[in-house]
Every structure is written in structure tokens, then in C-alpha cells.
1. Under 14 Å Cα-Cα from residue A:113, which aspartates and glutamates qualify once same-chain neighbours fewer than 8 residues away are excluded?
2. In whole Å, how far is the Cα centre of segment A:163-216 from that of segment A:555-574?
3. For residue A:380, give me every one of the aspartates and glutamates with a C-alpha distance below 19 angstrom, ignoring sequence neighbours fewer than eight places off in its own chain.
4. Give me the lysines in straight-line cross-link reach of residue A:372: C-alpha distance below 19 Å, same-chain residues under 8 apart excluded.
5. Separation between the residue A:419 and residue A:133 pseudo-spin-labels, each 7 Å from Cα along Cα→Cβ, expressed in nm?
6. Kindly flag which residue pairs out of A:50/A:567; A:249/A:475; A:155/A:277; A:182/A:240; A:50/A:249; A:155/A:475 have an alpha-carbon separation exceeding 32 Å in this structure.
7. How large is the helix-only mean residue ellipticity at 222 nm for chain A, computed as the sum of -39500 (n - 2.57) over DSSP H runs with n ≥ 4, divided by its residue count, in deg cm²/dmol to the nearest 500?
8. Please list, ordered by chain and number, the residues whose modelled amide H lies under 5 Å from the amide H of residue A:374; skip anything fewer than 5 residues away on the same chain.
Amino acid sequence: MSGKTHEKDLCEHVMELARRRGFFWQSYEIYGGVAGFYDLGPLGVRLKNKIVELWRRYFIQQHQDIVVEIETPIIGPAKVYEASGHVEHFTDPIVECLKCGRKFRADHLVEDKLKIKVEGMSVDELTKIIREHGITCPICGGELSEVKLFNLLFKTIIGPYSENIGYLRPETAQGMFVNFKKVYEIMRKKLPLGIAQIGRVARNEISPRQGMIRLREFTIAEVEFFFDPEDPDENGILSKYMSERAKSKLLVITAEARKRGEEKPEEFSLEEMVREKIVATPWLAYWMAVAKEFVEALGVPGHNIVFEEKLPEERAHYALQTFDQLVKVSRWGWIEVSGHAYRTDYDLSRHMKYSGQDLRAFKQFEKPKTIKKKVVVVDKAWLGRTFRSRAPEIMKLLEQISVEEVERAIVEGKPIKINEFEIPPDRIRIVEKVEKITGRHFLPHVVEPSFGVERLVYVTLEYAYSVKENRVVLKLPRYLAPIEVAVFPLVQDERLVKLAKELYRKLVEAGFYVVYDDSGSIGRRYARVDEIGVPVAITVDFETIENGTVTLRDRDTWRQVRVGIDKVVEAVRKFIYEGAKLEELGQPVGGG
RNA sequence: GCGGCGGUCGUCUAGCCUGGACUAGGACGCCGGCCUUCCAAGCCGGUGAUCCCGGGUUCAAAUCCCGGCCGCCGCACCA
């Protein structure tokens, strides 16, 4: 499933365009550049912001009754990432073969060779074991280096004390988990609840390549979606949303199919995904459908979007099931643009344990349940008088004895023996207590759709890139265009220039991003704005002076219509944000 | 991290093997002017290169050698 060579230069063209026109470029270029870091230029920032805005529309605005957005720090204390499992699971002990240069997981190597458990063993201990047992490179037999730890987390120090370690977050997710209880309360304790965040993350990749595709610092847009695992369709919310997307179809390669060696994806409707248990929980499928719709809105055709289920060994430590959303790109074949993980209650349970805080949700039963319960009651006054300072100890021991055992002793009239102590049956009795339970405490489960935004920027550009009559035309979806309108006077005639500048002002005041250009020939100016994806170019010509109309030119068809100058703002809005066809906006212009 | 290949104006590139006339050439772009009544037209002028960085060899290095950085590909690694 890898990209083949004949399409290769598309990526190069996109990268070249991105550099030349200011979408993005490698960071720190004047110092030779650093791998895995990219800068966004003026157009790149606008495009990224628009993509993020679109993401918000799909994941938050359309789900505003159940999803809210927060923002949390990039740096977190060590404890948070110990709890999340990243300190442990993002750290691999690695040995390198001094002869062939291959690297191996040191722990796996030792476990395989010696059949012993080495979990939790230090680097030095592992090195020692390797040396003592003369373990060598399993491939070439060469000598092995010392064991080194490799952790993808960027480490830093919080404040002046070096022991106060912090980590840069490798995902925004922990910000949501840490804040779950608070947001849950703010949202008046309703489930399901999605908490979204868009922000920078950092991962110290060993050797990042592939330009914008694999970065050491990038932007993630993700939702941690919390729901009651025993009642995912609480209040019919799941059903409501599912029915809204009933027509959604997803191309999926299941883990099972992959194990069979299958490479072709199978198409499932959203309903089939759930009914045939392709997904471990229905919400996972639902958010996959939203994710696909969103990626389509970036300009990727549905047949180039596939969900691939990860094999157990490929999954992150927190996931019970994971699907990657893959998009086909020219150079690298199928690349992941989002991950959809069923994180269960892993994160909340870990934070509960590490923080000591109760992070459980509470759900009231419709009717409180009453439970009859037998309780052992001791004559505490007697107990205290008799055993004095040892009484509390006995109380504790008594709790560990089952009610049935005590009951039996009472019935038989025998004393209850607890270690060396004896309690006569008349000092103890069984009481039936009625307990009222109004609801249940539980840890919500979580599904997580998570997007790499820079990848989306790249994918969007690549799918928009086209060549027409030897000119580059960036056919971005209109609503994503960094610059929305261009205004040109046909030639540098004072009257036309004046009118064009007025129109420019008017469009700017209406809220659009507009370029004005009166240099060179009109054709050159059209070409320049085509290349950065400006959807519509407006030209003020001599007819404008006569009858107050201007031409609107469609980037994709190069066709033109004439529109009254006073109707331009509305026409542009309709064209860019309401999907109107050019021909609906005014009178067609012949020729040109 | 290992191996292979590569790195020259904003972009694409000539030159590198065979060191010297290279003050590094061209094209496109970009800027200014002229021209121009709708698709990168034309003319004039201009701008623009740490020849990736550092060291070495040499009288002399874009060119040869070594080290590093960065990129691409393969391996390894990888939410």
C-alpha cells in the first residue's frame, strides 16, 4: 500500500509552491534547519486557521450540546505523564549493534534470549546482563553497545529546581483527562460529554522525515469523548446523531482482515459498523463518520479515505481498539491524518490512582434502590471496658469476619473467636439494615478522535494542487481559501484604479481577505492569484464606468459574469461560503 | 541511528569528474518604468547566491579530502 514513483513529483511541486508563495517552510533555515520543525508563512497560517475553524464546526459547533472546548498548558508536571503511562511506555531501552548499527529493544532481546522477566530493570542492570551472558546482535552477531533509554517525551525543568521535572505534552488528551471532573461539573454532570482541545504538542522523534508529515512539534485537534459504558445511548443522544449520519459509509480494513493478509478495504455503513461489531463501542464509529466527512470537506474524495484498524501490537498502551484514518497522498502512499482510539477508562483510572482524587461520574437511578443488608453490631461499651486499648484492633478484625460466620456462632451459642480474643454471643448481634442507593458511581469510557493539523494542511494543499494550461491552479475548497477575493483594474487607467481601490476597501470592510493588484498584464495577475487559490477575481474595466458592473472570474472555470458593483459583497459571500455557482450571480461574459 | 544519493540567487538550474579567466552564467520569478480594453504577451532598467557549515590539501577550492548539518530513498524506530 505504498505510493509509487510515477506520481512522485506532485509532492515536490506542492512543497515548492508552499515555500515560494509562503505557506510553509523548514524552520531555522538560516542556521541550516532542524529536522522535524516547520514554520507556517502568511498563507499557511490563514489556511491552517481555516482548517481548524472547519474542524471546530464539525466536531464542536455541530455537537455543541455535547462537546465543549478547553485549552490547557503544553508543559505538565512529571506526575501527569507518569500517570498517563507515557514516561513508562514512551521509554524504550535500546542497544545498538556496534558492527552493523542495527538497534534493538534491550529488554526484548534479553527476555527472548534468557526467557526471564526484566520489566522495571534499570539500564545498568540490563547492560550488565547482556555483558554477563554474552548476548550479541541477533542479526550479525556483532558486539552490542551499552543500553540507552530512549523516550519520545521532551523533558524540561519547571522553575529553578532541577528535580522539578516537566514534560512537553505528546498529546493534548491529558489536559482533558486531568480536567474531566471539573468540566463535567461545569456542564452540569451530563454524559455523554466531549472535551475538545486544539494545541501544540511535541514528540522527540528519532529521525523525522517526510517534511510536514512527521514533525517533532505540531498541532493536534482532538476530542476526548466521555460516555457511560453501560448506557452509551443515554437520553437517545447517540441514536439522534447516528440517524443524522445514517447515510455515512466508511471504507474499513479490520485487524482481522489484515491478519488474513487482506489489503482491500470493505465498505460499511455506520449502522453496520455497530451492528456487526466492527467497532468495540458505537461512539467510536460515529466519530469516525464525522471525521471522514470533515476530511472530505478539505477536498479529499471519499475513495481516498480509508480506516485501518491497528493490530494489538501496533496500538498505544491506552487503547483497546484503534482505527487510523488514512488519506492517499502522492509520495508516501496512505498516511494517517487522524487516529480513533477507544481509550476505555484507562486514563481516568490512572489519574484517579495517581492523584488520589475521585474522578468518577455519578448517575442517579430513576428510582433509588433499597438493599437489605445484615450488619454485625457489637456492644462497644462492653468491648471497650473489657479490652481497653486493644478494642480498636478487635473492631477491625471483626469487620473481616463474614456476617454468616457470626450468625452461625450466635445461633449455636458459642463465643466468636478472633485470634486470642473471644466475644460471647450475647455481646454481639446481627441487625438487618435497609440501605438506600440513589445511583451509581462509575468511570466513563472514552473514545478519542485525534487529528494532526499540519498533515491536514499538507493534504489539503496536495489535493487542491492542479495544473491548467501550464499554470498552477490551487483548487482549494472556496471556504478554505486564505485569500478570498482579488480586485484588479483591467489596465492602469486612473479611473479604473480608483474604482478598483474603492471596491477593495469595501470588501475589506465587509470582512474579507482581499488582494489588490494593478501591476503587469491582467493575465499575469489572474495567474498569480490562481496559484494561491483565490476563488474569485474581480476586474474593474471600462464597462464599469459606463454601467457600474464588474466582472467576477471563477478560479476553476475561468468563466466570468458581470455583477453590479453594489452587489459584489453579497455575490462574493454567496460564492465562497454558500456554494453558489458563478452563473447564479450575474450575467455571463462572452469570451475571455 | 546506519547505508546510499544529494545541497549553487525566491524557484529551476549551468559549472564540479579534469582546481585557475567564476568579479559564479542562464531561465523564470520579484521590484520599478513603458506599453497593454481579460488570462504568466512585449520592451527597458533593477533586485537577487553564507556556492549548506567548519576544517584540511594547494600559490589557488563551488570544484579535491575529512567532519558536521539538512534533505530524499532504504533499513531500524514510531502516536
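Throughout, read-outs are computed from the coordinates displayed, never taken from laboratory work. Just so it is clear, the structure is predicted and the values come from calculations on it, not from any experiment. Using ideal geometry, Cβ is built from the backbone for each residue, glycine included, and neighbour counts are taken over all protein chains shown.
1. The reachable aspartates and glutamates, counting only those whose Cα sits under 14 Å from residue A:113, are A:132.
2. Result: 43 Å between the Cα centres.
3. Within the straight-line limit of under 19 Å, residue A:380 reaches these aspartates and glutamates: A:393, A:399, A:407, A:420, A:422, A:426, A:432.
4. Leaving aside lysines fewer than 8 places away in the same chain, those within reach of residue A:372 are A:433, A:436.
5. So the label points at residue A:419 and residue A:133 sit 4.4 nm apart.
6. Listed pairs above 32 Å: A:155/A:277; A:155/A:475.
7. Roughly -9500 deg cm²/dmol at 222 nm, from the helical runs in chain A.
8. Those qualifying (amide H under 5 Å, at least 5 residues apart or on another chain) are A:433.
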